[in-house]
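**Student:** Dropping a structure here in structure tokens format, bear with me for questions.
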Amino acid sequence: MPNDSFRPLSWDAIDDIVIVGGGLAGLFCALKLSPRPVTILAAAPIGQGASSAWAQGGIAAAMSPGDTFEKHVADTLEAGAGIVDEKMARSMVVEGPARIHDLLDYGVPFDRDLEGRLVLSREAAHSERRIVRVKGDMAGKAIMEALIAAVRKTPSIRVLEGYVVEELVREGRFVSGVIARPDAGQSKKRVHFPARAVVLCSGGVGHLYAVTTNPWEACGQGVGMAARAGAIIADPEFVQFHPTAINIGRDPAPLATEALRGDGAHLVNAAGRRFMLDIHPDAELAPRDIVSRGVFAEVQAGRGAFLDCTKAVGRHFPEMFPTVYASCKAAGIDPVEQPIPVVPAVHYHMGGILTDAEGRTSIDGLWAAGEVTSTGVHGANRLASNSLLEAVVFAARIAENIKGFLPEPKISDWGKNADESDDLVTVEDSPALARLRRIMSEHVGVIRNRTGLVSAIREIAVLERENTRMRFLNILTTAKLIAVGALLREESRGGHFRSDCPEQRAAWKRRSFLTLADADRVVAELAETEAA
């Protein structure tokens with residue numbers, strides 16, 4: 001049995017709902033399930049290992065007098081480059097205002113004007129001002145702080161921090177629990193948590209790449225775990241690069257929020273030239289994939305890329321965007337007077353575990369919400385600030401679906417030790433993970449081609465043969481799915497750009513679906529070709 005120090009007060013048994021992940025989707029789902037007992041397993045203290053807490057822009061919701069659901073849907077479809085699931089996107093947009101009011105009820109201090117109305121800002125590719133934010137660039141932090149406080153006060157929610165989930169347990173066609181490692185994943189002991197419902201809210205894939213804005217916990221383990229359990233993965237090739245990560249050599253890279261460009265900041269090269277004017281009619285407010293490639297080209301050409309906020313924001317920078325200001329000042333940059341050096345960085349994964357409108361995956365007993373999923377609402381390129389909206393909308397739907405599917409809680413015994421092993425992963429990159437991050441950035445990054453993708457897939461296969469650690473195999477599985485998806489999609493669309501197939505193709509105006517078995521067949525075929 002686990003040591004009593006791991007047992008929260010007043011809990012003598014484990015309930016039948018386990019949520020994996022302590023980010024926005026996980027906490028919101030737990031609160032919506034209340035008073036139903038639920039356990040959250042979080043690898044880090046809740047709020048510290050989640051990309052949600054780092055989100056600067058805010059949540060998109062059609063709530064201003066001149067805005068409509070139809071406009072929000074239209075912008076989402078346009079950004080998604082032709083493969084957004086319109087029905088899913090429309091239902092998400094319609095539920096947006098209600099979820100904003102839920103967050104207000106939980107204590108989120110969204111910005112208001114002097115008359116008490118929500119202050120709404122505009123971001124790239126939005127036709128209206130519809131971003132609900134907090135102190136300019138502190139939405140994620142403020143939302144998470146409010147939800148953490150609400151969770152801590154809710155007696156039906158048990159939070160076990162420092163439990164790294166490594167494996168989904170299947171019994172026949174059902175997921176029946178998870179296996180996790182305590183002590184932030186450093187314990188030799190692994191603990192089995194039985195469950196009738198598992199909700200994966202484990203975050204994104206940013207740390208698969210050398211330059212990312214995501215915390216190190218966002219390394220794709222959730223997608224890999226689900227794929228290894230047999231789940232269908234959708235659109236894995238679509239990785240969104242944020243065009244304006246602050247280029248100061250930090251890992252993860254701090255972010256210069258989209259809202260800066262929404263407020264009029266310009267992208268320039270070292271000569272002071274606004275290069276985006278020649279690339280897209282909307283210049284700096286073009287969709288993120290286009291801006292990312294523009295910034296990437298300037299950096300690769302040696303001209304550098306900079307975000308000039310000196311005229312649009314100027315002396316108001318410290319109070320309008322305190323997070324960005326602090327990051328710049330810490331690096332010796334004064335954004336009031338100086339342009340900010342920027343570079344594209346992996347920011348969001350549009351692909352992930354396929355779910356339906358209720359957050360159900362292709363495996364019975366397994367639900368998923370947040371960035372680990374692919375609901376279809378983002379298509380090939382996520383519209384700015386739709387990610388937090390998606391997280392709360394689908395987390396709430398999952399809670400309702402579980403309540404209907406499992407109307408009565410069933411209490412089981414506490415999890416028993418699953419096994420013991422020395423299969424530990426440190427917070428710092430292992431040499432193998434550092435190698436994987438280089439492979440992904442060089443060959444599966446902003447610009448891709450067949451030669452590079454084949455090379456990446458073959459190198460990932462070598463890493464798989466050389467490593468047997470469960471957590472690293474989960475990570476490698478996700479990297480393999482992204483690379484194989486990018487190889488198979490012989491066109492350029494949204495966040496996926498192939499220099500050898502630079503145009504969109506009508507035959508590929510659809511979502512893609514992969515299983516691990518599908519990906520392994522591609523790897524085997526490449527191995528046969530190489531041998532021949």
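The values are calculated or read from the model by the stated rules, or taken from the named source; none is laboratory data. This is a predicted model, so every value here is computed, not measured. All Cβ positions, glycine included, derive from the backbone under ideal geometry; neighbour counts span all protein chains shown.
**Student:** Out of Glu78, Glu86, Glu70, Glu95, I need the residue that is modelled with pLDDT under 95 and farther than 30 Å from Ala326 by Cβ. Which one? If you could, list the steps in order and put the result at the bottom.
**Tutor:** Numbers: Glu86 fails: modelled with pLDDT under 95; Glu70 fails: modelled with pLDDT under 95; Glu95 fails: modelled with pLDDT under 95.
Of the residues listed, the single one that is modelled with pLDDT under 95 and farther than 30 Å from Ala326 by Cβ is Glu78.
**Student:** Check the range 269-289 and report whether any residue there is under 26 Å from Gly47 (Cβ atoms), touching a strand residue (DSSP E or B) at 6+ places or on another chain (Cβ under 9 Å) and surrounded by fewer than 24 Cβ atoms within 10 Å (Cβ to Cβ).
**Tutor:** Start the filter on the range 269-289 by keeping residues that are under 26 Å from Gly47 (Cβ atoms), which leaves 288.
Subset that is touching a strand residue (DSSP E or B) at 6+ places or on another chain (Cβ under 9 Å): 288.
Pick out the ones that are also surrounded by fewer than 24 Cβ atoms within 10 Å (Cβ to Cβ) and you get none.
Scanning the range 269-289 turns up no residue that is under 26 Å from Gly47 (Cβ atoms), touching a strand residue (DSSP E or B) at 6+ places or on another chain (Cβ under 9 Å) and surrounded by fewer than 24 Cβ atoms within 10 Å (Cβ to Cβ).
**Student:** Still on this structure: Take the residues in the range 230-276 that are among the basic types (Lys, Arg) and assigned to a loop (DSSP other than H, G, I, E, B); name whichever of them is nearest to Ala125 (Cα to Cα). Show your work before the answer.
**Tutor:** Residues of the range 230-276 among the basic types (Lys, Arg): 250, 261, 273-274.
Among the residues that remain, those that are also assigned to a loop (DSSP other than H, G, I, E, B) are: 250, 273-274.
Values: Arg250: 28, Arg273: 22, Arg274: 18 Å.
Among those residues, the one meeting the criterion is Arg274.
**Student:** If you don't mind, there's one more thing I want to ask. So if I check each of Ala483, Ala479, which one is more than 30 Å from Lys188 (Cβ to Cβ), small (Gly, Ala, Ser) and assigned to a helix (DSSP H, G or I)?
**Tutor:** Numbers: Ala479 fails: more than 30 Å from Lys188 (Cβ to Cβ).
None of the other options fit; the residue is Ala483.
**Student:** State whether the residues of the range 141-150 include one that is in contact with a strand residue (DSSP E or B) (Cβ under 6 Å, 6 or more places away or on another chain), at negative phi and in contact (Cβ under 8 Å) with a residue 24 or more places away in the chain.
**Tutor:** Filtering the range 141-150 for residues in contact with a strand residue (DSSP E or B) (Cβ under 6 Å, 6 or more places away or on another chain) gives none.
No, there is no match, as no residue in the range 141-150 is in contact with a strand residue (DSSP E or B) (Cβ under 6 Å, 6 or more places away or on another chain), at negative phi and in contact (Cβ under 8 Å) with a residue 24 or more places away in the chain.
**Student:** A further question on this structure: Take the conditions of a type in the set (Asp, Glu), within 13 Å of the chain's Cα centre (by Cα) and modelled with pLDDT under 95 and apply them to Glu217. Does it pass? Break it down stepwise before answering.
**Tutor:** Numbers: of a type in the set (Asp, Glu): yes; within 13 Å of the chain's Cα centre (by Cα): yes; modelled with pLDDT under 95: yes.
Considered against the rule, which asks whether it is of a type in the set (Asp, Glu), within 13 Å of the chain's Cα centre (by Cα) and modelled with pLDDT under 95, Glu217 comes out as yes.
**Student:** Something else about it: Just to be sure I understand the filter: pairs with C-beta atoms under 9 Å, separated by 6 or more residues or on different chains, first member in the range 58-81 and without any contact (Cβ under 8 Å) to a residue 40 or more places away in the chain, second member in a helix (DSSP H, G or I) and charged (D, E, K, R). Which pairs pass?
**Tutor:** Correct list of pairs: Phe69/Arg90; Glu70/Arg90; Val73/Glu86; Val73/Arg90.
**Student:** Still on this structure: If you scan the range 306-362, which residues turn out to be in contact (Cβ under 8 Å) with a residue 40 or more places away in the chain, assigned to a loop (DSSP other than H, G, I, E, B), over 20 Å from the mean Cα position of the chain (by Cα) and buried (at least 21 other Cβ atoms within 10 Å of the Cβ)?
**Tutor:** If the condition is that a residue be in contact (Cβ under 8 Å) with a residue 40 or more places away in the chain, assigned to a loop (DSSP other than H, G, I, E, B), over 20 Å from the mean Cα position of the chain (by Cα) and buried (at least 21 other Cβ atoms within 10 Å of the Cβ), then Cys309, Val313, Phe321, Pro339 are the ones that fit.
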